[in-house]
Structures are given as C-alpha cells and as structure tokens.
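The values are calculated or read from the model by the stated rules, or taken from the named source; none is laboratory data. Just so it is clear, the model here is predicted, and its values are computed rather than measured. Cβ coordinates were reconstructed from backbone atoms using ideal geometry, including for glycine residues, and neighbour counts include every protein chain displayed. Just so you know, the surface numbers come from the protein's heavy atoms only, side chains and all, with ligands and any DNA or RNA stripped out. Shrake-Rupley method; radii C 1.70, N 1.55, O 1.52, S 1.80 Å.
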Amino acid sequence: MDSFEWLHGYVYAFGLYHVDFNDPNRPRTPKYSSYIYSQIINNNGLPVPEEEKIMWGHFREDFLWSSSTSAYQIEGAWTADGKGLSIWDTFSHTLGKVANNDNGDISCDSYNKLDVDIGLLKQIKVSHYRFSISWPRVLPDGTIHNINEAGINYYQRVIDALLAANIQPQITLYHWDLPQALEDEGGWLNETIVDRFSDYADLLFSRFGQKVKLWITINEAYIVALLGYGYGSFAPGINRDPSTLQYVAAHNIIKAHAEAWHVYNDKYRAEQKGLISITINSEWAEPRNPFKQEDIDGAKRYMDFFIGWFANPIFNGDYTESMKKYILERSLAAGLEKSRLPEFTPAEIARIKGTHDFFGLNYYTSVLVFPVDFGNTLNYDADRGVAFIHDRTWLDTGSSWLKMAPLGFRRILKYIKDEYGNPPVIVTENGLSENGPIDLNDEHRSYFYENHVNQLLKAYLVDGVDVRGYTAWSLMDNLEWAAGYSERFGFFYVNHSHPDRPRTPKASVSYYTTLVNCNGFPDPDESESSRAACGPISSFSNCFFFHPLLIHNNLTKEMP
C-alpha cells in the first residue's frame, strides 16, 4: 500500500492500494495494478487472456467486405471541369494549417486514374467500395441552381466501372468538403444548410439511385462540428467561440441528415430499394481505474458526449441526459440564461428519431478516462468533465492519437447493441497509420486487421451484435487531412513525389484479401475442402498469428 516513503514523506506512492492520509481512518482503495497483480498470481504468470485469443468462425454469407476513401483525400483535380472550391481547398491553401503545407490539389490523382483504382479494388477482392461525392464538384456553389454535369458524369463513370467489376458502391454524400460558397454564408452554423443538404441529396438520389443501394449521409459529424467549428483545427477552421458553436453546427448536421433520410425514404426507397444511414465515429472509453466509481461514471459520460452526441438523437430521440444536464448546469453557472446546447422541438425529435437503416461505425482506438474539473472554462472538454490517457501496453501507430486497442472494438459494438436496440451495424472505417521510412512489409497493419476483425467476429458470434459489414480504411495512402501526407493508412503505397502517383501494394494487401476470401477465420483443423472458399491464399497458418513483440519492434524501428 502507499506508505511513508522515508525522506520523501508521502509524496511518492508505491502501493498497490491507495491510502488516503488526509482521512483519519486511512481508507485503502485498490488501484488497477492490484487487479493486474492478482491476475498474475492466480495465473502463475502471464497467459494470453481468453478475450484476446483468436476465435475461428465465419461471418454471415452476405457479409459486406469493403475498403474506403473520400473525395478530397484522393481525387485531386481541384479546379477541373467546373468544380467549385471546397472548405478544404481553402483551408489547405492557408499557410500553416496542414502539415508541410500539403494540399489536395493533385493528391492521388484519382480523378484521372479511375481504371487504376478499380484494379486495386479487384486485387483485394472486396464486394463493396465506400467513396464520397465531392459536393462542390457536382454543385459548385452548393445549390441546385448550378449543376455541374461534368461532375455528375464523373461519378456516373465511377459507379458504372464499379458495377462492371462486380463491386457495389457505398456512397457518402458528405465527407467534410463543404462548398466554400456555403461556408461563406455560415456553413453548418446557418440553419439554411439543412435545406441545401436536402436538395443536394435529392439530386444524387435521382441521378445515381437506380444503381446505388447503400448511402451514407454524413461522415463523422463529431469531427465536422468539434474540429471544424469548435477548436478550428480542421476546415473551415472556426474557433471564435468553442463554448457554443460546435453544438450549433452539430444541431444542424443532425437535422440535415434526418431530412436527407426522409427524402430517400419518402421519394426513392420504394423504387430504388436501397439503404441509407449516417456514419458515427467514436472511441471506446474504459475507466482509468475500474474500481473507482468516479472513473466509471466519467467513462460513461465520455461515451454520452462522443457516440451519444449524434447516435442518441437519431436512434433514441434526443441528446443524452448527461449532455443536457452538464451543459445546462455549466451554462447557468457562467451566468447564461439557458443552455449552450440547442434544444430540439417535439416536432424535430419526431422527425429525427428513427432516421437510420443501419448503424455506420468508424472505430480506431480506445482511451482510459478519469474525471477532471476544468473550472470556469466553457468548451466541449470542460462540459464533459473528463480527461483521458492511453494504456501504455497498447501498441503505437503512425498517429499520436491512434493506439491499437482491438478489445475496445468488441466492447463498443456490444455497447451499440445495448444502447440502441441492436441495429444492423456496418463498420464503415477501421484501420491504422504509419509514418517515417517507407516499408512495404507492413506486418503491423496485418496484425491490426487480424486482431480487430477477430474481435468483430466475436461481437457477431458471441455477443449477438448484428454485424453486416466491414470497411478497411483506406484503399491507398492519401492526404490525411491536417496531417498531410505524413501519415499513411493505405493498403497501397502512393508515391506523391512522382508525377504519375504510382500505387504499390503493401504486404497487408494479401492478408486482407485472405480475410475477404475466407469470410472470416477458418479453423486450421478443418479439412482442405472446407477451406476452399479462401481461394488462392489458403495457408492461414502463414498469414495469421503475428507476434506482438515483433510488431512492436517493427513499429518502433520504422515509425519513430
């Protein structure tokens, strides 16, 4: 236990149990380390925990296997054929906003390399491809009064090429590249954008809906609202009032999503027979100390403010109770007359609730959460009243914010089942980054996919989560937003220094192709005939079971 540490008094705490020396009763509280040490004693060592062991099994027969990109990150051709400016065009051309002052002017030049990119998709054997439409490419000023037919024709060619390759398109209407003309009118802070987005969605459904059966309205509204209009680290870079503006932007995003959903549901669904939803990103939050109630409460509040910010109105009808409570209390304490969190009217609640056909989830990492009092500060982090760290045992990646935490993947999937009525779930992004020297032997990426997809399988087979599909981010190395080209998520390395932007497969291409061909993890004890579905890559023993120590050594060597 914590004790008197000689010349240092009570400053240093070495104990497995925290002792409160300010309390005359000297109560002892177990730390997380006491739990770990007891496990080591009980197991007489460090066996692989049951929840981390590989499970053999397969996903449903119609499971959706996909990879993904977004328009601004890969297309380039930023002023070609009548395209208007987007907020990311403006943001990336503002000195110092993007690492190395990179921009998407050319990026992967996918606008001119359609056949090449279709070839990449065919190589990894996916059944689907998630990509986004550039709003300013089809509507240069953001409104249907100025339709750019050249942009419409480009996406028509993309869709036709995919279908010719027997790959189904998953289209995201909005992946962060708002027309600059709409931002000049207030962007997501101006409620008129709800109608602008509805009109835009209507146009795309009418032009592409006969051939597209999977739609996503908005990608990661959390990032759009908080980083775009709260802290200003992403386009459009608004940070003038981080106490309020992210909540205003989010409010309009939710309403815009709902209106687009209703347009499809009321006008197109009967004939086109597709599905439409929103993609919500979230980390999984564990309490830093699972034996402290305040940490447990803080982890739940973290989830309420993250995944719940958008999922709760859409699936359950309104913002989470903790968001409403804490933001109201802190607003009144600051002398304001009402909450900084906007309220939905009863009519809006009825309009928004149920606007989903599936739960689109982007998951990358997890955090350890504990409560923090931010005092009188008024912003999103202060409102939720928690801070977080990463577990030091989680492996690093090429992004400071992204640590490998596959167990959190399974747990957030179970959380979605329990909180939102077990909706069908399509994982719309999951992947890992690298930086530093180029190494095409990306064992760390294969290790990431092995462990995350296996936890997805456990969520499906053991936890009963209605998992319908999995999408790996991303197909190729591209512009990673404010990180520029310094962080690489792709299966295919893209040489952005070469004028032809050549694509080169990494080792993880073969691994992911095996997952797709086998639709999961075939038991190595099964007969060869029962594993025939795996296709030409049939030796799973050569592809799976990447040792974490080797992966860690590779990461620290290649990604300083």
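Points to keep in mind about this one:
A quick yes/no check of all residues on (1) touching a Ser or Thr at 6+ places or on another chain (Cβ under 7 Å); (2) at pLDDT below 95; (3) among the basic types (Lys, Arg); (4) buried (at least 18 other Cβ atoms within 10 Å of the Cβ):
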| position | (1), (2), (3), (4) |
| --- | --- |
| VAL386 | no, no, no, yes |
| LEU402 | yes, no, no, yes |
| SER433 | yes, no, no, yes |
| PRO437 | no, no, no, no |
| HIS444 | no, no, no, yes |
| PHE448 | no, no, no, yes |
| VAL453 | no, no, no, yes |
| LEU456 | no, no, no, yes |
| ARG488 | yes, no, yes, yes |
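- Those residues of the stretch 369-409 which are among the hydrophobic types (A, V, I, L, M, F, W, C) and either part of a strand (DSSP E or B) or over 19 Å from the mean Cα position of the chain (by Cα) (or both), in sequence order: VAL369, PHE370, VAL372, PHE374, LEU378, ALA382, VAL386, ALA387, PHE388, ILE389
- All told, ALA507 meets the bar of being among the small types (Gly, Ala, Ser), more than 22 Å from LEU461 (Cβ to Cβ), at pLDDT 95 or above and open to solvent by 40 Å² or more (accessible area, probe 1.4 Å).
- Subset of the stretch 458-486 (residues that are in a helix (DSSP H, G or I) and open to solvent by less than 30 Å² (accessible area, probe 1.4 Å)): LYS458, ALA459, TRP481, ALA482, ALA483
- Checked across the stretch 175-196, the condition of being touching a His at 6+ places or on another chain (Cβ under 7 Å), open to solvent by 20 Å² or more (accessible area, probe 1.4 Å) and not hydroxyl-bearing (Ser, Thr, Tyr) holds for no residue.
- So VAL212, is it assigned to a helix (DSSP H, G or I) and either charged (D, E, K, R) or open to solvent by less than 40 Å² (accessible area, probe 1.4 Å) (or both): no
- The number of residues in the stretch 24-83 being acidic (Asp, Glu), over 24 Å from the mean Cα position of the chain (by Cα) and farther than 20 Å from TYR470 by Cα comes to 2.
- Of the residues making up the stretch 307-321, just one is small (Gly, Ala, Ser) and without any contact (Cβ under 8 Å) to a residue 60 or more places away in the chain, namely GLY317.
- Enumeration of residues in the stretch 225-270 that are touching a Gly at 6+ places or on another chain (Cβ under 7 Å) and among the hydroxyl-bearing types (Ser, Thr, Tyr): TYR268
- Put simply, of LYS292, LYS300 the only residue that is in contact (Cβ under 8 Å) with a residue 40 or more places away in the chain and out of contact with any Lys or Arg (no Cβ under 6 Å at 6 or more places or on another chain) is LYS292.
- The residues on offer are GLU283, GLU348, and the sole one that is modelled with pLDDT of 95 or more, out of contact with any Lys or Arg (no Cβ under 8 Å at 6 or more places or on another chain) and not basic (Lys, Arg) is GLU283.
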